[in-house]
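Asker: After the structure tokens below, expect a handful of questions from me.
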Amino acid sequence: MARKSTVHQRRFLRGFGKQLVAEAKKGLKGRGSGSLAGSIKAKGVYKTNKLSLSLVGAKHNEFINQGVSGRFRTQTYKDEKGNKKNSSFKFKKEIVNLGAMQKFISRNNIKARDELGRYISTKALSYLIGRSVASKGIKSSSHISKAWLKLRKTYIKGLKQALAKDIEADIKRQQKNNTK
């Protein structure tokens with residue numbers, strides 16, 4: 001049997017991957033420093049009988065997507081089918097990394113005052129915020145799932161069209177080879 005054409009399917013997956021990445025980045029607006037949004041890429045895998053597309057990103061991509069459950073509160077996220085699921089990540093210690101909290105406080109220029117109106121030191125503030133984050137968790141963004149749910153119909157329609165074009169090209173090529 002002759003080799004099947006996948007030119008249109010590959011072209012569609014590349015274009016759809018770009019759309020999916022753009023939507024996922026929109027879901028991250030206002031969350032973090034922007035390094036995660038810059039790291040998200042669509043990766044197509046083209047094997048003999050299989051075409052697949054996956055989104056890859058920074059190490060903390062899954063933490064942001066699923067959220068992190070706190071010690072006293074469970075965080076949920078939406079999966080690719082739109083179902084609510086509990087996050088598989090959880091804080092185990094009473095407090096998160098103080099150094100990371102201090103960087104976060106400095107980067108965002110966060111200040112707090114005590115009952116007498118005096119500023120609280122960055123170290124004390126990082127302890128308070130870190131303890132709160134560890135107990136309540138980090139809310140999920142579900143940026144990947146939301147992007148997929150938004151573009152799912154476009155994906156199905158476009159893939160059907162690309163597949164039809166590839167089948168049509170295969171039939172024309174076989175007819176051409178049979179007439180020789």
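Just so it is clear, none of the values below were taken in a lab; they were calculated from the coordinates. This structure is a prediction, so every number in the text was calculated from the model and none was measured. A quick note on method: Cβ atoms are made from the backbone with ideal geometry, for glycine too, and the neighbour counts reach across all protein chains shown.
Asker: Using a Gaussian network model on the chain with a 10 Å cutoff between Cα atoms, which of Val68, Val56, Val45 fluctuates the most?
Answerer: The residue that fluctuates most here is Val45.
Asker: Of Ala37, Leu163, Ser145, whose Cα points farthest to the positive end of the dipole of the chain (charges on the beta-carbon: +1 Lys, Arg; -1 Asp, Glu; origin at the Cα centre)?
Answerer: Among Ala37, Leu163, Ser145, the one farthest towards the positive end of the dipole of the chain is Leu163.
Asker: Ok, one more. Taking only DSSP H segments of four or more residues, each worth -39500 (n - 2.57), what value at 222 nm results for the chain once the sum is divided by all its residues, to the nearest 500 deg cm²/dmol?
Answerer: Value at 222 nm, helices only: -17000 deg cm²/dmol.
Asker: If you don't mind, there's one more thing I want to ask. Could you size up the charge dipole of the range 73-139 around its Cα centre, putting +1 on the beta carbon of Lys and Arg and -1 on that of Asp and Glu, and report it in debye to the nearest 20?
Answerer: The calculated dipole for the range 73-139 is roughly 180 debye.
Asker: Turning to a different aspect of this structure: With r defined as the distance between the Cβ atoms of Ser54 and Leu128 and R0 fixed at 35 Å, what FRET efficiency is calculated, to the nearest 0.05?
Answerer: 0.35
Asker: In debye, nearest 20, what is the charge dipole magnitude of the range 22-96 about its Cα centre with +1 on Lys and Arg Cβ and -1 on Asp and Glu Cβ, if you could check?
Answerer: Dipole size: approximately 80 debye.
Asker: Within the range 23-74, which chymotrypsin sites (Phe, Trp or Tyr not before Pro) sit in a loop by DSSP and count at most 15 neighbouring Cβ atoms inside 10 Å?
Answerer: The qualifying sites are Phe72.
Asker: Between the range 136-168 and the range 21-84, how far is it from one alpha carbon centroid to the other, in angstrom?
Answerer: Each part reduced to its Cα centre gives a spacing of 13 Å.
Asker: Name the most mobile residue of Asn86, Asn65, Asn97, meaning the one with the largest mean-square fluctuation, in a Gaussian network model of the chain with Cα contacts below 10 Å.
Answerer: Maximum among the listed residues: Asn97.
Asker: Out of Ile138, Ile156, Ile95, any idea which swings most in a Gaussian network model of the chain, alpha carbons joined below 10 Å?
Answerer: The residue that fluctuates most here is Ile156.
Asker: What longest range of the chain stays clear of loop-exposed GluC sites (Glu not before Pro) (DSSP non-H/G/I/E/B, at most 10 other C-beta within 10 angstrom)?
Answerer: Values: sites that count: Glu94, Glu115.
That would be 1-93.
Asker: Report, in listed order, any pair from Lys50/Lys165; Lys50/Lys150; Lys18/Lys84; Lys26/Lys50; Lys47/Lys150; Lys41/Lys146 with a Cα-Cα distance greater than 19 Å. Before the final figure, lay out the partial values.
Answerer: On the way: Lys50/Lys165 17 Å; Lys50/Lys150 24 Å; Lys18/Lys84 26 Å; Lys26/Lys50 29 Å; Lys47/Lys150 27 Å; Lys41/Lys146 16 Å.
Violating the 19 Å Cα-Cα cut-off are Lys50/Lys150; Lys18/Lys84; Lys26/Lys50; Lys47/Lys150.
Asker: Treat every Asp and Glu Cβ in the chain as -1 and every Lys and Arg Cβ as +1, leave all other atoms uncharged, and give the resulting dipole magnitude about the Cα centre to the nearest 20 debye.
Answerer: Computed charge dipole of the chain: roughly 520 debye.
Asker: When Cα extents along the principal axes in Å is calculated directly from the model, which label among [x] 50, 41, 31; [y] 93, 28, 23; [z] 89, 32, 26 fits?
Answerer: Given [x] 50, 41, 31; [y] 93, 28, 23; [z] 89, 32, 26, the calculated one carries the label [y].
Asker: Based on other C-beta atoms within 10 Å, arrange Asp79, Asp166 from fewest to most. Intermediate values should be presented prior to the final figure.
Answerer: On the way: Asp79 15, Asp166 19.
Arranged by neighbour count, lowest to highest, Asp79, Asp166 become Asp79, Asp166.
Asker: Considering the options Ala100, Gln75, Gly130, tell which one lies farthest towards the positive end of the dipole of the range 73-139, charges being +1 on Lys and Arg and -1 on Asp and Glu at the Cβ, about the Cα centre.
Answerer: Gln75
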